[in-house]
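Beneath this line is the structure, given in structure tokens, with notes to follow.
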Amino acid sequence: MKTVIPSELTSVQLQTIMQTAVSPRPIALASTVDKDGNHNLSPFSFFNMFSTVPPILIFSPSRRVRDNTTKHTLENVLEVPEVVIGTVNFPIVQQISLASTEYETGVNEFVKSGLTMKDADLVKPKLIEECPVNFECKVLEVKSLGDQGGAGNLVICEVQKIHIREEYLNETGNLDQQKLDMVARLGSNWYSRSNESSLFEVPKPLVTKGIGFDLLPDAIKYSQVFTGNDLGMLANVEVLPSGEYHSDENVHQNAQKLLLESKIEEAWKILIK
Ligand SMILES: Cc1cc2nc3c(=O)[nH]c(=O)nc-3n(C[C@H](O)[C@H](O)[C@H](O)COP(=O)(O)O)c2cc1C
């Protein structure tokens, strides 16, 4: 196991480890305005939701590692405590990347990236028409996490209004995860995409109370075939199927194929002699 102490690394080394390890991260496209009404648009992947009631989003424009300067987005939310946060999907990923270019003060990245400004209803920053979802937010607090290059600034936002593009809704009027085709940021230049070919479901163990690893029979728990994921599925049954358990690797391999198709009950059936 390689271990590192943050204070013994350069900021760039630390940033590389943390951004690669803490991934993928969702991307906020933050639309802000300064006190003179100049519009600004930039992506931030230090971003997430932290509360539903009240609806809270947090993102972090950091002090630059390079020269410890601050970003326009941070300066703008300190001047005008409002932001529109657009979510980012595959059809706009190249444009949001372009919007991250470090243009001079007063340059409107909507114009540079070709993304479209649309009036919001409750706040001064513009909506981003192409984003699947736009959140109109009031900024509750900006919390500085330090004064050195690389220090984050938590921008804590309360959502006032949500705009959802109709094309991303399913027949029941809810957002459709497959249609959304979300993208996320990882380390270096890597991005990931959540579309039909990469999405999968893991049923929540809230409905059932799984027996747990400790109650799995040894013949199965210590199998050379099953992975942690396989055992996690087998241990999620409410009652351990009774009988004598196969320790034969060929049987385990057949059960594993069924588990790959999420057929847990059928997998258990063939594991019993
Ligand atoms: C996908 C993506 C995610 C980013 N995430 C962050 C982030 O979370 N924090 C940050 O400070 N910069 C982040 N950046 C870099 C900023 O977008 C970039 O510094 C931008 O120029 C800031 O613009 P501003 O000065 O107009 O606010 C990201 C860039 C990209 C392309």
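Residue-wise test of (1) within 18 Å of A255 (Cα to Cα); (2) within 17 Å of the chain's Cα centre (by Cα); (3) not assigned by TED's automatic domain parsing to the domain that holds K263.
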| position | (1), (2), (3) |
| --- | --- |
| Q177 | no, yes, yes |
| R185 | no, yes, yes |
| W190 | no, yes, yes |
| P205 | no, no, yes |
| G232 | yes, no, no |
| V237 | yes, no, no |
Exercise for the section: Give the stretch 68-106 a look and list any residue that's away from the ligand (no atom under 12 Å from the Cβ), open to solvent by 60 Å² or more (accessible area, probe 1.4 Å) and of a type outside the set (A, V, I, L, M, F, W, C), or say none. Expected result: E79, P81, P91
Exercise for the section: Among the residues of the stretch 227-264, count how many are loosely packed, with under 15 Cβ neighbours inside 10 Å, in contact (Cβ under 8 Å) with a residue 24 or more places away in the chain and among the acidic types (D, E). Expected result: 3
Practice task
Scan the stretch 124-138 for residues that are assigned to a strand (DSSP E or B) and either touching an Asp or Glu at 6+ places or on another chain (Cβ under 7 Å) or of a type in the set (A, V, I, L, M, F, W, C) (or both) and jot them down.
Solution key: L127, I128, V133, F135, E136, C137, K138
Handout entry: Meets criteria (in contact (Cβ under 8 Å) with a residue 24 or more places away in the chain and either outside the structural domain of E167 (by TED's automatic domain parsing) or within 22 Å of H163 (Cα to Cα) (or both)) for V111
Key = no
Handout entry: Residue tally, condition open to solvent by less than 20 Å² (accessible area, probe 1.4 Å), over 20 Å from D36 (Cα atoms) and touching a helix residue (DSSP H, G or I) at 6+ places or on another chain (Cβ under 6 Å), over the stretch 107-138
Key = 3
Problem - Options E141, E171, E201; residue that is assigned to a loop (DSSP other than H, G, I, E, B), assigned by TED's automatic domain parsing to the domain that holds A21, of a type outside the set (K, R) and open to solvent by 80 Å² or more (accessible area, probe 1.4 Å) - result: E171
Handout entry: Count of the stretch 30-50 residues which are open to solvent by less than 60 Å² (accessible area, probe 1.4 Å) and part of a loop (DSSP other than H, G, I, E, B)
Key = 3
Exercise for the section: Could you tell me whether S194 is open to solvent by less than 80 Å² (accessible area, probe 1.4 Å), within 16 Å of the ligand (Cβ to nearest atom) and within 30 Å of V88 (Cβ to Cβ)? Expected result: yes
Handout entry: Selection from the stretch 1-25 of residues that are open to solvent by 50 Å² or more (accessible area, probe 1.4 Å) and within 12 Å of the ligand (Cβ to nearest atom)
Key = Q15, M18, V22, P24
Handout entry: Matching entry among Q148, Q224 (being within 16 Å of the ligand (Cβ to nearest atom), open to solvent by 100 Å² or more (accessible area, probe 1.4 Å) and either not in a strand (DSSP E or B) or not assigned by TED's automatic domain parsing to the domain that holds R64 (or both))
Key = Q148
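The values are calculated or read from the model by the stated rules, or taken from the named source; none is laboratory data. Computed from a prediction, not measured in an experiment: that's the story for all the values here. Reconstructed Cβ throughout: ideal geometry from the backbone, glycine too, with neighbour counts over all protein chains shown. Surface areas here come from the heavy atoms of the whole protein model, side chains and all, with no ligands, DNA or RNA. Shrake-Rupley method; radii C 1.70, N 1.55, O 1.52, S 1.80 Å.
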